[in-house]
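I have placed the structure first, in the form of structure tokens, so that the comments after it can refer back to it.
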Amino acid sequence: MTAQTSGWTARTCPVSLAIFLLLITLHVVQPTQEFDPYKVLGVSRSASQPEIKRAYKNLAREWHPDKNKDPSAEDMFIKISKSYEVKGKTFSGPPVAMHQSRDFADSKYMLHHAQFNSDVLPDSYKRPYLIKVTSEWCFACLNIEPVWKETVLDLEPLGVGIGILDLGYERRLANQLGAYRAPSIIGLVNGRVTFFHQAVVREHLRQFVEDLLPGHLVQRVINDNNYQAFLDSWHVENKPSLLLFDQIPSVPLLYKLTAFAFRDYVRSGYVDQGASHNTKLLRQFNINTYAPTMLLFKEDTEKPVDIIQARGMKKQLMDEFVSNNKFLQVPRLVNQQLFDELCPVKQFHRRRKYCVLLITGEDEAFLPGNKAFVDFATVNKKDILRFAYVYQRQQQPLCQALLLTQAAAFPQLRTSKRIRFVLYRSVSGGWNGSEEDKFRLHEQLELLQKDPTYLRSDATLPELNNEMAPMFIIQWMNAAYDYLLQIYDGLLYSNWREMMPILSLIFSALFILFGTVIIQAFSEPSESKPHKPKPKEQNQTQAEDDASSRTSTSSRPPKKDFVEVTELTDITYTSNLVRLRPGHINVVLVLTNASKNALLRKFAKEVFSFSGTQTLHFSFLNADKHRHWMPSLLRSACSAAPSESHSDDEESSDYTGHVLALNGYKKYFCLFRPVFTGEDPNDSSSDTSDSKRKSRSRSRSSSSRATSLEVHHKLDRLGLWMERLMEGTLPRLYVSSWPTLNDASDPSAES
């Protein structure tokens, strides 16, 4: 009876399997959670291991591709093998456990080619990444899945990046990383790929991540002399010092990861609390030996500026602690990145940071003044103020740009990615660190915070020299070491497919080198002798060289970054104003023939930071050619909304320096009235209408004797006006229709 039952089961199994394959074909888009190994093997959920093994042998014999010519035999055989891999070896509970592991692998850690190059690769310079390479039908991947899950739960809270690469779907990314088999585990740090070749155990993976980090990230402080030398190195490194006190003899991985993330900002040290030679250091700072403690020092090595102490030190807490103290009180500008972070470029003045810069020297004679500057910065620390200093010998281009006198040539109105415009003001009398100098600097800082236009000088700053950049020979040696390490790793583990490009490059270089040596060795002596030209030919070549040198020095290609300003004429008036697209604004400068060059240069410099906006256009109107257009426009605005200020503008006969923001679609404009400051710094416009009329009367009375140097001061406040224009806080004057240039230029039209 038992034999008959088993034979009947063997005969009916193919029928049930055929029905199951049909369902899979019809529901191929269903998720992988519907895969049931019990149904594939044709056994019940309470089947024993011998029954599962017997069913697997019968099905494997029937669906083997060499014996079964059915087109779906190969896919069915793979499913049977996969089901037996799960049920016969690793499965001992309900099928939900396997699905949970598959859900874990297909979660947020999946990598894509674009995401890897845009996010993961740049982020590898701040933290290491651990990437698992898997595939759809990788049975060995199921064996390492529990260890992988435990490792992720252990390393991810420490700050290690996690990723999963599917060979079947991301072949392009797999070729980029050099991953051609699954399962594999890859380490990524500083953009360099390293393969894991040991047994997949959590301890080995943790040590693998620790080995990925560069050496000497954390300096061990072993005695009092070593501690003092570590803290005093802020002069050379230009970084704060971070000390961690803990009971563990070795440096914790969490602290190494924090030191790696902020290695460009702080220097990290470690003190073992259990060592007997550190007792004096523990008493000096009153360290609690029952919890890890972090101290951060800046210029003052006797007293830390900040401290945290917690039993369960978390990565987020450590990152916030270091991020809030990653700069010295007065850092030295050693590269462009540090300058951009201290004084970032902001479009609106309310978000700008004012950088107080001290130009000093490295000699001992400057040390008292430098220390007094640090003390002043510590006392007057504010959110909008940044204090820094530079060594004049190290940053000569920057110092030359800032120390130019007012009589020097105007900076060019063009910029590039490495150059930016700044406004500055030099403190008269220099800096010696005396109480008088501190009082004078404090007074000028108070004036600056009240009036942003207090900075009257401008300069074009070049890119700062990178004082911390390694020498070329050191960079070349590091690159060569990385290549040799990659070659050794590939030869040791026979990764020939990954090693072929590097080996071909090396053999090509050797072939070219030895080929050149052999050709020179067997060349004839006559070929190596230089050919002496005749006197006539020599004179002719010298004349050609002189001519070419003169042409190269006299004709230089112009720079391409500039502000395009169009003149409003009868041809361009309609397209630039009347038929202007909705949402677009044309900023028009009114000038004359006499003030054209000075005003255009000042206008381009003031609006350059806004020229990247696609909805802004810049033009100028010659008042000598169209002198009646401006009065016609103001009369139209007065008729719509009469006011006293408009009547004053209408009575004026000199509109030089006025700037209008014209919205041709909605028929309104915003008006900028120039302020003539001249040489008197107290001559500025107030908020009352009486002071405005007095300022304009002084401007009109002195316009006849104003030089080109004084004319450009009419646009001193144009930058602030442009910011208010972008914010939408300027008053708008509406007109019923735009006056034409022909009508405005005709005297009869005015009457």
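Values in this text are rule-based calculations from the coordinates and carry no lab data. None of these values were measured; they are calculated from a predicted model. So basically every Cβ, Gly included, is an ideal-geometry build from the backbone, and we count neighbours across all protein chains shown.
Note on THR729 and CYS355: their simple-model spin labels are 2.6 nm apart, each label 7 Å out from Cα toward Cβ. About the centre of its Cα atoms, the stretch 218-323 shows a dipole size close to 300 debye [charges on the beta carbon of Lys, Arg (+1) and Asp, Glu (-1) only; nearest 20 debye]. Listed from fewest to most Cβ neighbours within 10 Å, the set HIS712, HIS64 follows the order HIS64, HIS712. The slack in the chain from LEU510 to TYR290, taken as 0.36 nm per residue of separation less the alpha-carbon distance, amounts to 73.1 nm.
Determine, from the Cβ-Cβ distance of HIS112 and GLN392 and an R0 of 51 Å, the FRET efficiency 1/(1 + (r/R0)^6), rounded to the nearest 0.05. Intermediate results must be reported in sequence, preceding the final value.
Working: r = 50 Å, r/R0 = 0.97.
Once rounded, the FRET efficiency stands at 0.55.
Stick to Cα atoms and the Kirkwood definition of Rh, then tell me Rg/Rh for the stretch 567-611.
1.02
As a proxy for reagent exposure, ranking SER72, SER118 by other Cβ atoms within 10 Å from fewest up yields SER118, SER72. Given axes a ≥ b ≥ c from the Cα gyration tensor, I'd like to know whether the stretch 101-212 is rounded (a/c under 1.5), prolate (a/b larger than b/c) or oblate. Judged from the Cα gyration tensor, the stretch 101-212 comes out rounded (a/c under 1.5).
Near ILE185, the amide H atoms lying under 5 Å from its own belong to VAL133, PHE196; only residues 5 or more places off or on other chains count, and H is placed 1.01 Å from N.
Of the chymotrypsin sites (Phe, Trp or Tyr not before Pro) found in the stretch 266-341, those that fall in a DSSP loop while having at most 13 other beta-carbon atoms within 10 Å are TYR290. Choose one of SER276, ASN286, ALA259: the residue whose Cα lies farthest towards the positive end of the charge dipole of the stretch 251-321 (beta-carbon charges +1 Lys, Arg; -1 Asp, Glu; about the Cα centre). It is SER276, whose Cα lies furthest towards the positive end.
Taking label points 7 Å from Cα along the Cα-to-Cβ direction, GLU341 and ILE248 give a separation of 2.6 nm.
What FRET efficiency comes out for the pair HIS216/ASN597, r = Cβ-Cβ distance, R0 = 45 Å, nearest 0.05?
Using R0 = 45 Å, I get an efficiency of 0.15.
Of LYS353/LYS605; LYS602/LYS667; LYS326/LYS602, which ones are farther than 31 Å apart at the Cα? Walk me through the numbers on the way to the answer.
Numbers: LYS353/LYS605 21 Å; LYS602/LYS667 27 Å; LYS326/LYS602 39 Å.
Pairs exceeding the cut-off: LYS326/LYS602.
Counting Lys +1, Arg +1, Asp -1, Glu -1, what net charge surrounds ARG206 among other residues with beta carbon under 11 Å of its beta carbon? Write down the numbers at each step before the final one.
Working: positive: ARG202; negative: GLU150, ASP154, GLU203, GLU210, ASP211.
Once positives and negatives cancel, what remains is -4.
Among SER184, SER737, a tally of other beta-carbon atoms within 10 Å of each Cβ gives an order, fewest to most, of SER737, SER184. May I ask you to derive the FRET efficiency for ALA521 and ARG171 from their Cβ-Cβ distance with R0 = 41 Å, giving the value to the nearest 0.05? According to the calculation, E is roughly 0.30. Counting charges near GLU341 (Lys, Arg +1; Asp, Glu -1) among other residues having Cβ under 11 Å from its Cβ returns a value of +1. List the GluC sites (Glu not before Pro) in the stretch 255-322 that DSSP assigns to loop (not H, G, I, E or B) and whose Cβ has at most 13 other Cβ atoms within 10 Å. Which are they? Counting only loop positions with at most 13 other Cβ atoms within 10 Å, the GluC sites (Glu not before Pro) in the stretch 255-322 are GLU302. Rg over Rh for the stretch 293-332 works out to 1.00, using Cα positions for both radii and the Kirkwood form for Rh. Largest first, the three principal axis extents of the alpha carbons in the stretch 218-323 are 31, 30, 22 Å in whole numbers.
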